[in-house]
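Novice: Have a look at this one.
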Amino acid sequence: MMNEYYREKYRLLGLKIAMYRKMRGLTQEQFAEKLGKSWSFISQIEANNGTTVKGVSLSTLFLIAEVLDVSVSKLLEDI
């Protein structure tokens with residue numbers, strides 16, 4: 001379980017991931033397939049349901065950045 005202290009930071013990261021995903025024209029399902037993850041995992045990291053906010057490992061963050069063709073630093077900027 002994630003540290004509640006960082007909940008807002010995880011939420012902001014999820015919103016950034018969603019923004020870049022949409023800029024690339026990918027649905028959650030397409031993005032999940034490229035990552036080898038489930039649609040529900042993407043939904044949780046993007047904080048779409050308002051209650052569940054899921055953190056990601058560094059290896060997953062690196063993969064997300066690669067698939068979205070954006071630097072990890074861009075994803076973490078201003079968080």
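Novice: What is the P(r) of the chain, as percent of Cα-Cα pairs per 5 Å bin from 0?
Specialist: 3, 17, 30, 29, 16, 5, 0
Novice: I want to check the label-to-label distance for residue 78 and residue 66. Put each point 7 Å from Cα in the C-beta direction and report it in nm to one decimal.
Specialist: 2.8
Novice: Now, a different point. Can you give the net charge of the other residues whose Cβ lies under 14 Å from the Cβ of residue 31, counting K and R as +1 and D and E as -1? If you can, show how the numbers build up before the last one.
Specialist: Working: positive: 16, 21, 22, 24, 34, 37; negative: 29, 33, 46, 66, 69.
Here the count lands on +1.
Novice: Please report, in debye to the nearest 20, how large the charge dipole of the chain is about its Cα centre when each Lys and Arg carries +1 at its beta carbon and each Asp and Glu carries -1 there. Walk me through the numbers on the way to the answer.
Specialist: On the way: 11 positive and 9 negative charges, 14 e Å.
Result for the chain is approximately 60 debye, rounded to the nearest 20.
Novice: Once you put a point 7 Å from the Cα of residue 34 and another 7 Å from the Cα of residue 59, both along the Cβ direction, what distance in nm separates them?
Specialist: Spacing of the two 7 Å Cα→Cβ label points: 2.1 nm.
Only the coordinates and a few stated rules stand behind these numbers; no lab work does. On a predicted model such as this, the values are computed, not experimentally measured, just so you know. Here Cβ is always computed from backbone atoms with ideal geometry, including for glycine, and neighbour counts include all displayed protein chains.
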